[in-house]
1. For the structure I just gave you, tell me whether E283 is more than 30 Å from Q190 (Cβ to Cβ), in contact with a Leu (Cβ under 6 Å, 6 or more places away or on another chain) and assigned to a helix (DSSP H, G or I).
2. Scan segment 182-203 and tell me whether some residue there is within 23 Å of F64 (Cα to Cα) and among the small types (G, A, S).
3. I'd like to know if segment 178-189 contains one or more residues that are under 23 Å from N99 (Cβ atoms), out of contact with any Pro (no Cβ under 9 Å at 6 or more places or on another chain) and either surrounded by 16 or more Cβ atoms within 10 Å (Cβ to Cβ) or without any contact (Cβ under 8 Å) to a residue 40 or more places away in the chain (or both).
4. In segment 170-197, how many are part of a strand (DSSP E or B) and on the phi > 0 side of the Ramachandran plot?
5. Looking at segment 14-131, what strands (runs of 3 or more DSSP E) fall wholly within it and have at least 2 residues that are surrounded by fewer than 18 Cβ atoms within 10 Å (Cβ to Cβ) and either at pLDDT 80 or above or assigned by TED's automatic domain parsing to the domain that holds V215 (or both)?
6. Working carefully through the options L241, L257, find the one that is assigned by TED's automatic domain parsing to the domain that holds E180, outside any loop (DSSP other than H, G, I, E, B) and surrounded by 12 or more Cβ atoms within 10 Å (Cβ to Cβ).
7. Being surrounded by fewer than 17 Cβ atoms within 10 Å (Cβ to Cβ) and in contact (Cβ under 8 Å) with a residue 60 or more places away in the chain is the filter; apply it to segment 212-238 and report the residue that is farthest from the chain's Cα centre (by Cα).
8. Is it fair to say A166 is outside any strand (DSSP E or B), touching a residue at least 24 places away in the same chain (Cβ under 8 Å), assigned by TED's automatic domain parsing to the domain that holds E123 and of a type in the set (G, A, S)?
Amino acid sequence: MDFSRPHPRQSKKTGARFFNATNRKKKKGNIMTTNFKDKIQTGVPQQNHLVLIYGISGIGKTTFAASAPKPIFIAPENGTGLLDVARFPEPKSFEDTQNMLNYLTVEHHDYQTLVVDSVDWLEYVFHREICSRYKVKSIELAAGGYGKGYVEAFNMFLDLKEMLSALRKKMNIILIAHSEITNFSDPQQQAEYHRYHIKLHKKTAALMKEFVDSVLFANFKILTKEEGLRTRAYGDGERVLYTESRPGFEAKNRFSLPFELPLSWEEYAAAVKQPTNLPQLVESILALANQIQNQDLKNKVYASLDINKNNSKMLLSIKNRLQQLVNS
């Protein structure tokens, strides 16, 4: 075959492939169209929970997940040893993990929540399998090196993502991960600082963060107090979930959740389910604003309230920032 000649559906100038229109159904004039009239959906679809929770060791991530409805664990690490929960045998390979997910997807059972505890240990299982296949000791050397071993592991997580997407139609899914502290270079502020990240390879972490509805950072609540020229940090052991990113950690949610929640599955599920009460939210913002001494800042709060009085997401953001300011 002559590879120098362009594909019949390929541009001679750019080499770009043209879209294959064989699946188009209707022809109107010179335009081919597909009839989507009966396929378009409206409204907010009801879906099972899809959550990634990460944080420091021993904070209570596994206990959080064990409180979800009828959980069953895929546990590459032995984090459930002291909990009375259902668990699969420890997976030793990608195939083991695939078989467990297939069972939950296809077979009849009473479990309502899958918990993977943890995804970073599962990544280690995949890395170990790849190293064994290529008879090398490090994922850096697998498949000839140059990062090819990481690519194979990433492709395993792509397949895992598709299997979890299918399973979500039937069950809640909670992914647990550990955290690590890395140096973060902020392009917006042109500054570098330490930040908590999910303990996964960079591309795999990005894939998992994009996939889930909520990335929750679990940590002890830390308060600060000014003492002369020094800032002193202190806390009373309260464990919390953070639902939005800040300079010190990454987090997200698609539900306009409060910035901070108690480390509790029941509290998280209730916050996702409960619609935002706008008048009550405005009242709470005004109450927080009354605790601020700076009149210019108060005026900015009032102006923001007037602009965003019907925007629940912006109002929650204003409230979260005021809470941090009042508690600092």
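1. Here the answer is no, as E283 does not meet what is asked.
2. Looking through segment 182-203, none of the residues is within 23 Å of F64 (Cα to Cα) and among the small types (G, A, S).
3. No - not one qualifying residue is present in segment 178-189.
4. Residues in segment 170-197 being part of a strand (DSSP E or B) and on the phi > 0 side of the Ramachandran plot: 0 in total.
5. Because the criterion is at least 2 residues that are surrounded by fewer than 18 Cβ atoms within 10 Å (Cβ to Cβ) and either at pLDDT 80 or above or assigned by TED's automatic domain parsing to the domain that holds V215 (or both), no strands (runs of 3 or more DSSP E) in segment 14-131 meet it.
6. Sole residue among the options that is assigned by TED's automatic domain parsing to the domain that holds E180, outside any loop (DSSP other than H, G, I, E, B) and surrounded by 12 or more Cβ atoms within 10 Å (Cβ to Cβ): L241.
7. T224
8. yes
The values are calculated or read from the model by the stated rules, or taken from the named source; none is laboratory data. This structure is a prediction, so every number in the text was calculated from the model and none was measured. Neighbour counts run over all protein chains shown; Cβ positions are idealised from the backbone, glycine included.
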